[in-house]
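These notes are about the structure you will find just below.
Every number here is computed from the coordinates shown, using simple stated rules; none is lab data. The structure displayed is predicted, hence computed values, not measured ones. FYI the Cβ positions are ideal-geometry reconstructions off the backbone, even for glycines, and counts take in every protein chain you see.
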There are 4 protein chains.
Amino acid sequence: MPRARLRDLGIVTGALPPGQWNAITDVPGVRVGYTTLIRDEPHVVRTGVTAIWPRGPELWSDAVFAGIHAFNGNGEMTGWAWIAEQGLLASPICITNTHSVGVVRDAVCALAVRDKVKMPWLLPVVAETYDGWLSDAASFPVTADHAIAALDAAASGPVAEGNIGGGTGMICHEFKGGTGTASRIVATAGESFTVGALVQANYGARELLRVDGVPVGREISTEAVPSHRDVPRDAGSIIAILATDAPILPIQCQRLARRATTGLAWVGGVGFNGSGDIFLAFATGNHVRQGEAISALRMLSPDAMNPLFQAAAEATEEAILNALTAAETMTGYAGHTAHALPLDRLAEVMHRYRP
Amino acid sequence: MPRARLRDLGIVTGALPPGQWNAITDVPGVRVGYTTLIRDEPHVVRTGVTAIWPRGPELWSDAVFAGIHAFNGNGEMTGWAWIAEQGLLASPICITNTHSVGVVRDAVCALAVRDKVKMPWLLPVVAETYDGWLSDAASFPVTADHAIAALDAAASGPVAEGNIGGGTGMICHEFKGGTGTASRIVATAGESFTVGALVQANYGARELLRVDGVPVGREISTEAVPSHRDVPRDAGSIIAILATDAPILPIQCQRLARRATTGLAWVGGVGFNGSGDIFLAFATGNHVRQGEAISALRMLSPDAMNPLFQAAAEATEEAILNALTAAETMTGYAGHTAHALPLDRLAEVMHRYRP
Amino acid sequence: MPRARLRDLGIVTGALPPGQWNAITDVPGVRVGYTTLIRDEPHVVRTGVTAIWPRGPELWSDAVFAGIHAFNGNGEMTGWAWIAEQGLLASPICITNTHSVGVVRDAVCALAVRDKVKMPWLLPVVAETYDGWLSDAASFPVTADHAIAALDAAASGPVAEGNIGGGTGMICHEFKGGTGTASRIVATAGESFTVGALVQANYGARELLRVDGVPVGREISTEAVPSHRDVPRDAGSIIAILATDAPILPIQCQRLARRATTGLAWVGGVGFNGSGDIFLAFATGNHVRQGEAISALRMLSPDAMNPLFQAAAEATEEAILNALTAAETMTGYAGHTAHALPLDRLAEVMHRYRP
Amino acid sequence: MPRARLRDLGIVTGALPPGQWNAITDVPGVRVGYTTLIRDEPHVVRTGVTAIWPRGPELWSDAVFAGIHAFNGNGEMTGWAWIAEQGLLASPICITNTHSVGVVRDAVCALAVRDKVKMPWLLPVVAETYDGWLSDAASFPVTADHAIAALDAAASGPVAEGNIGGGTGMICHEFKGGTGTASRIVATAGESFTVGALVQANYGARELLRVDGVPVGREISTEAVPSHRDVPRDAGSIIAILATDAPILPIQCQRLARRATTGLAWVGGVGFNGSGDIFLAFATGNHVRQGEAISALRMLSPDAMNPLFQAAAEATEEAILNALTAAETMTGYAGHTAHALPLDRLAEVMHRYRP
């Protein structure tokens, strides 16, 4: 059975409708790019870089608002202090493996230098999850060029999922994990807005995995589909990036980011100790332009936020599940194999519980 | 069908075993007391006070550690600043209705004066949820004596649930809500610890209610069981108090508190805008005694926290469901009626989805 | 020598010019009111309530933005969770003594009921500092009527200082403390804005007191002017309320609040363990009106914030010093006397260090 | 007049006594190392790396407690999320220039690989301030080897100050800035503890500079000593690392970190918008050893924290002033010259104000 997106399997989670591509790129202006490194020489490498541009290149001088929440902060997201302080994001976001956060972070600075961006200094946002079970992390395979390639490759439209970009070597609920995305359209305050999510999913215990409430993880034994047993069960992390075109303020972005916790919980994530479950939400509905003394903004009423909250939870949930249904079985470092969630078995279990 | 606890209905959520009473009082030393006010004259009142003592009266000079998390802070929990700063809790916790936070808070000070507690000042912890749909909140019915009575009545052992104490007038997922409790026993670090939860559940949308993943809310239409339609669907809140006897530090209590979010999500709470979803976790496993210059502590390894995290999520989930299955249909202020979750219908839906 | 404001003594701190009244009321629309309780029967009481309205009564449906910072959170400020979550303030602020936070908090709810405010629930902001050395705190002397009287008395114009309102029984740097206020005018972003501060100053060690950098505290020995020796030297707190008419967002209000720390440090406050050093900043430059689905806002550029930051520090510094120079020697509970900062001695020391 | 430490000039700030070296290394086990890059070819470079080891190499498996505070978060400190979550620090701290955070961060991972540290993943703490006025930041001059050299060079004993390590190209209060350190000995809880500070000082306006309350900055005009006029006056940052051997918990480390704000204020820092004023405090008084299920700890009573708070403020203040008195005039990138604080002028002003 070929890999697929969750909805292509006839499984619908959540109540709100997805956008055109059911992807974070449904938020106008958002672009995603990847560099994927899969090679066996000189080191066995299964890693990469995911790049997300909240806007086009005008982003450098036309910031979006942003907010962060760490459900469990055993991970890294550079740029944290700046976003907590200012709520502004004026550079692209990257996600990669744990040992490569630094090189990717400096690469964003180098890109700004290359493109003659008029900012004397930069505080780039780069997050990570750990892929050392499938990839030789100690070989430090990611270079600045890899990061810049992902940034340069960013495009709108459908977004590839599974073993791609920063998500290449991920493991999720003891199945092969990776990159996933989804979106929701909401009507509120008399307007229509989009909420999109992109996750790098690398967390979780098999027995806690649920799909639309169905205990799928418990129904697929490790005899049937092996787990990666020699890693402590809490190793791993999930990074979620939420995007919206709603006109919300930094403090409201923080609130939106917090709702990724809900979507994560619905799939079965409880924030294990070793997990870096860090969520960033940005909002393109306002513009804060460099050199502007006073910016004119719109603010969505707090009372009108509920559909966005539900959308954030639903998009996160489906993005994780898309990562699981898209990712293919992978053999990597030290001969380790991470097995994909078997889609026929998934369909069978769902059918049994949803008669 | 008489009201019951969830497990008495044959429905088991979560994987970990509950304690003796499946209640927050399974944590040794924790005591719970109530004052319940149900009267129609001179005002229609459906309210009360819930009191939780983390230890016996020695608490005043033998603090426990504590930490708070607001998943959605549209509510009140006094004492917040102090717990965020010090991570110490040396006074009992009360939960009441929104308009009565103040009187209950000062009553804790008055109790300390009455009992000749040797603390010059106090920063009591009092939280609230809003019961103005069933109770005439503007009549300010709670007095200091009511609060002190709940504090004095606190006891160990089984804990009453549903329409009782601060939970008397609550509504949850558009059914009658209230007070609920549950507990879990965990083995970690070579020892056995208990995690208990007590919630005052007053939040949520019908269509999001799930029991063990089953979409119970969607299966019980408002034609079958009416909702309280004239209140904006996001009015309400949930307060969760988590207790453990594990020897964890303040920063670890914050982490534990954050896991109530997971349990809440499993039942269907997404943190609507108007909801005060505030969680406090305390840990009795250490003693910080007044006048002690240096305290000897034990700290559970972060690596050993996972079972506690799962327990916190599971106990919160089941405590909410216990509030729903225990609470009885109530008619109150302005002739409003909040309908109980019909247990026969619940059983039927669960059976259909869990063949 | 009669009590005076700092500038009336020829002492100027800071570089920015003050507003018309050198008071928080220089921010248009801000009103301050007091109830002061000084009586010896049936209990020796030296306490009161300070009320601050960020706008006129339209505040209930026309919120200002706000943000909080606790430099040392050993104190109480109700409403914290809501402001941290939403950054909105739609009710007046009160400051009183520690044991009366509750009654004053509920009184704000009662005022809203009295005035038929169309908000189903309220999360009032009430802060405190401890006056139990001069006042019989255990007599719980403040009533709801006292709080409502302060709220009803609020007015624009010059603001009384020293032994008044919530500041009546305060002690600061081991001199008589109390209520103080100051303001600054700043030019930024091509416009002129006002920053005002009001403090209830009840903290600090004598030897750390500085006026414009001059070590005044070290120069006035406790032989010359007695201290209140039987209280641990860190008992006490300072509440600072900052106001501005600049169009800043909630996250920017948090930043402004944090700068009260700087002003406090300049006077000699280091945030002793027992001190509740809690600061709230609100900004009237935007309007968030009830029922408005999307609000049109202006946002001051982060780059234009520096003058506001300096103004916040300077106004806080001078407000504390005004509390000290205005407060008169007071004898109260248990025959305790708190001695005023001697103005002739202050002048002499300043002259010696600023030749 | 040769450069000197503040105390060598006869200027004493604060009341508490310094340790043996008046340096962060007075805290037993703390080691500091530098790599300094000063060269004109192929690029004009004035930068470096500062490395701080909280303990010896056993640190990798014997964590210290830590806490962070951002007074103004316009800067970077990687590892933030992990320390906020766990309060543990098990790797060395580095400080460098803004564009080199990444390479230094990954170098710490590489060091752990080199030294066969048994941690599968790492979240190193690397902070920065911007030196692009004196150094060609866009040439990305720092390499992993430079970082590792600083880490390998770390030693106990006296600590070099001024134009060294990460502080090489810094500017502070419009004079040449750099690296500075100081310490204090405190007696509390019947024991003696040390608090040390190390700062990388790169912030501030000339007119706000104060030394022991004396307005030194206002007394040294830019005609007398030129400023670096073409940089916006708020460019810059200060990183402060506080160390103590007191047995304090993570939440207490956060409190200690917050007191760097006070020391910074005393020198004249108000947290300008563009400044990354980020403070980390660690405490070696407890050991959390890898593989230990439950750790035995000691906790200093909150009531005993005051001397540590004052020490943190004083050590930060003097560390900044030591950076200023040690740093020498430097000419660098684009022919820019940053002028040192003239020590003879400093002495003259101090003498005038402290007769």
The exposure ranking of A:333, D:203, fewest beta-carbon neighbours within 10 Å first, is A:333, D:203
Residue D:2 label points, 7 Å along Cα→Cβ, one per copy: pairwise distances from this copy to the rest in nm, shortest first?
6.0, 7.8, 9.2
Rounded to the nearest 20 debye, what is the charge dipole size of the protein assembly as shown about its Cα centre when +1 sits on each Lys and Arg Cβ and -1 on each Asp and Glu Cβ?
0
Relative contact order for the range C:278-355: what is it in percent, counting Cα pairs under 8 Å that are at least 6 residues apart?
14
Could you check the simple spin-label distance between residue B:224 and residue D:289, using points 7 Å along Cα→Cβ, in nm with one decimal?
6.0
Say each of residue D:16 and residue C:21 gets a label point 7 Å from the Cα, pointing the same way as Cα to Cβ; how far apart are those two points in nm?
4.2
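Sequence gap at least 6, Cα distance under 8 Å: using those rules, report the relative contact order of the range A:163-258 to the nearest whole percent.
27
Taking the Cβ of residue B:248 as the center, what net charge do the other residues with Cβ under 14 Å away carry, scoring Lys and Arg +1 and Asp and Glu -1?
After counting each charged neighbour, the total is 0.
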At 0.692 mPa s and 37 °C, Stokes diffusion of the range C:222-311 via Kirkwood alpha-carbon radius, µm² per second:
210
Helical mean residue ellipticity (222 nm; -39500 (n - 2.57) per DSSP H run of 4+; nearest 500) of chain A
-7000 deg cm²/dmol
Everything considered on the Cα gyration tensor (a ≥ b ≥ c; rounded for a/c under 1.5, else prolate if a/b is larger than b/c, else oblate), chain A must be described as oblate
Mind checking D:105-115 for the average number of partner chain beta-carbons within 10 Å of each residue's beta-carbon?
4
Value of relative contact order over chain D, rounded to a whole percent, pairs C-alpha under 8 Å and six or more apart:
26
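Can you check what the net charge comes to around residue B:46, using other residues whose Cβ is under 14 Å from the Cβ of residue B:46 (Lys, Arg +1; Asp, Glu -1)?
Every neighbour counted, the sum reads -3.
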Determine one quarter of the surface area of the Cα convex hull of the range D:118-248, which equals its mean projected area, and express it in nm² to one decimal.
11.8
quick note, chain D, DSSP beta bridge pairs, % antiparallel (nearest 5) is 80
Compute the separation of the alpha-carbon centres of the range D:151-185 and the range B:75-90 and state it in Å as a whole number.
38
For residue A:187, label point 7 Å along C-beta direction: distances to other copies, nm:
5.2, 5.5, 7.5
Please state, as a whole number in µm²/s, the translational diffusion coefficient that the Stokes-Einstein equation yields for the range A:201-355 at 10 °C and 1.306 mPa s, with Rh defined as the Kirkwood radius across alpha carbon pairs.
90
Exposure rule at most 13 other beta-carbon atoms within 10 Å, DSSP loop GluC sites (Glu not before Pro): chain D longest free segment
D:1-222
How big is the antiparallel share of DSSP beta bridges in the range D:152-305, given as a percent to the nearest 5?
70
Net charge over other residues, Cβ less than 14 angstrom from the Cβ of residue C:17 (K, R count +1; D, E count -1)
-1
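Restricting to bridges with both residues inside the protein assembly as shown, how much of the DSSP beta-bridge set is antiparallel, in percent to the nearest 5?
Around 80 percent antiparallel, to the nearest 5.
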Let me check the size of the range B:272-341 from its C-alpha atoms; what are the radius of gyration and Dmax in Å?
19.8, 58
In nm, what does the list of distances from residue B:58 to its counterparts in the other copies look like, shortest first, when each label sits 7 Å along Cα to Cβ?
3.4, 5.9, 6.8
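Mind checking Rg over Rh on the range A:46-195, alpha carbons, Kirkwood formula for Rh?
Here Rg/Rh amounts to 0.97.
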Work out Dmax and Rg for the range D:70-137 from the C-alpha atoms and quote the Rg first, both in angstrom.
13.2, 41
Residue order, fewest to most beta carbons within 10 Å, for B:316, C:331, C:50:
C:331, C:50, B:316
Only counting other Cβ atoms within 10 Å, I'd like A:308, C:111 sorted with the fewest neighbours first.
C:111, A:308
Can you report the principal axis dimensions of the protein assembly as shown using only the alpha carbons, biggest first, rounded to whole angstrom?
90, 83, 56
Roughly how crowded by other chains is peptide C:269-278, in terms of the mean Cβ count from those chains within 10 Å of each of its Cβ atoms?
6
Other chains' Cβ within 10 Å of B:132-141 residues: what's the mean?
2
Identify, for chain C, the residue whose C-beta comes nearest the rotation axis onto chain A, and round that distance to whole Å.
C:297, 2
Within the range D:331-355, name every residue whose backbone N is under 16 Å away from a label modeled 7 Å from Cα of residue D:1 along the Cβ vector.
D:339-355
At R0 = 35 Å, how high is the FRET efficiency between residue B:118 and residue C:160 if r is their beta carbon distance? Nearest 0.05 is fine.
0.45
